[in-house]
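Here's the structure we're looking at; comments come further down.
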Amino acid sequence: MSNPHLDRARSERDSQRRAPGLPAYRVERLRLRHLRLLERIDAAGSLGSAARALGISQPAATVLLRELETVFDAVLVERDARGARLSAAGHLALERIRIALASVGRALEAVALPAAAAPLRVGCVQVAGVWVLPAALCAMEQAGTPGRMVVREGRTGELLAALCTGELDCVIGWMDEALADALPAGELDIEPLGYGSMQVVASVAHPLARSRAVSVAQLSGWHWIVPPRGSRTHSAYLRLFLHAGIPAPSVVVECPALHTALHIVGATRFLAVAPDAAARHYARLGLLKPLEGPALRLEREQFALVTRRDSEALPGLRVLRQALQARAPARDGRTRTRGSPGRSSR
């Protein structure tokens, strides 16, 4: 005869085995010290060094590691005579553990500061600093909701990596292959904000600035200032000459700072490739002139606000998103105002 209580226990046990993820009773055994241990082992390459960094004995670290591996039901650390290193499963676990640790740190900061003082951490590509971000902050200021903000500039890939580890709350960057290397799409909220393209620029006194049809061949005879390889601007520079079947000239000055490079262009006869928003900004100031010519029209690309879905509840993020939606540029590059057509939708 079957025992109803026993049957129910077996059913619950089988359900737990089939369910994705870790059973709750196992996860609840974890403490921050367990998570820190894996991070320290990865950094130090030794269980003993990791134990010293945590201020515990090596036997205690061994116990923590055993408990951690029991919870994950996997070998997370491989040990041999040379030390300790994370297994493939350990690296996968550490990626998410770092997010959890960063979230805990963020929570401690939020409690330590008054609610109004907790800063929103925004990552943005350099061109956003002369385009969407000033317009958004203007809208926030006018609405009386500027709040505190920490802005970090960088390349899209670097910023997305910081977003995924919890160092940033959002990223304003280009929609490119860097997104494929970030967290799975289901964990990110990607909201298109507008389009941009690259332009060739020169000082207003440059001989080519007077021409209405500059060819790529004409560009090859001048000095160039270009960011390092791996940047979007450097890639656009190479494509400009590659599509014309002309070898790209040697870079005379390598400069990763967009605004420094454009000021140098304005003071010399150097040429540069720059995002059209930055080119328009410095053209309005009378410093530069975008060069004209059919072969100089580079392809447009889209940029977006990228957030983690577990950060959607942050009040500062909601305010920034609303301001970006209201002031995001239209497809022709002009800034939209609230209520005008063409607003990006999710």
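The values are calculated or read from the model by the stated rules, or taken from the named source; none is laboratory data. Bear in mind the structure is a predicted one, so any value in this text is a computation, not a measurement. FYI the Cβ positions are ideal-geometry reconstructions off the backbone, even for glycines, and counts take in every protein chain you see. Side chains included, ligands, DNA and RNA excluded: accessible areas come from the protein's heavy atoms. Shrake-Rupley method; radii C 1.70, N 1.55, O 1.52, S 1.80 Å.
Quick notes
- For the pair Glu292 and Thr145, a Förster radius of 51 Å applied to the C-beta separation gives a FRET efficiency near 0.80, rounded to the nearest 0.05.
- Once backbone amide H atoms are built at 1.01 Å from N, Cys124 has Arg152, Glu153, Gly154, Ile172 as its partners under 5 Å, excluding neighbours fewer than 5 places away on the same chain.
- Note that region 213-275 presents 47 Å² accessible area per residue, ligands and nucleic acids not counted, probe 1.4 Å.
- Derived scalar couplings ³J(HN,Hα) [region 55-69; Karplus, 6.51 cos²θ - 1.76 cosθ + 1.60; whole Hz; x for Gly, Pro]: x, 10, 7, 5, x, 5, 5, 4, 5, 4, 5, 4, 5, 5, 5
- Just the protein heavy atoms count here, and of the accessible area of region 123-163 at 1.4 Å, carbon and sulfur take up 54 percent.
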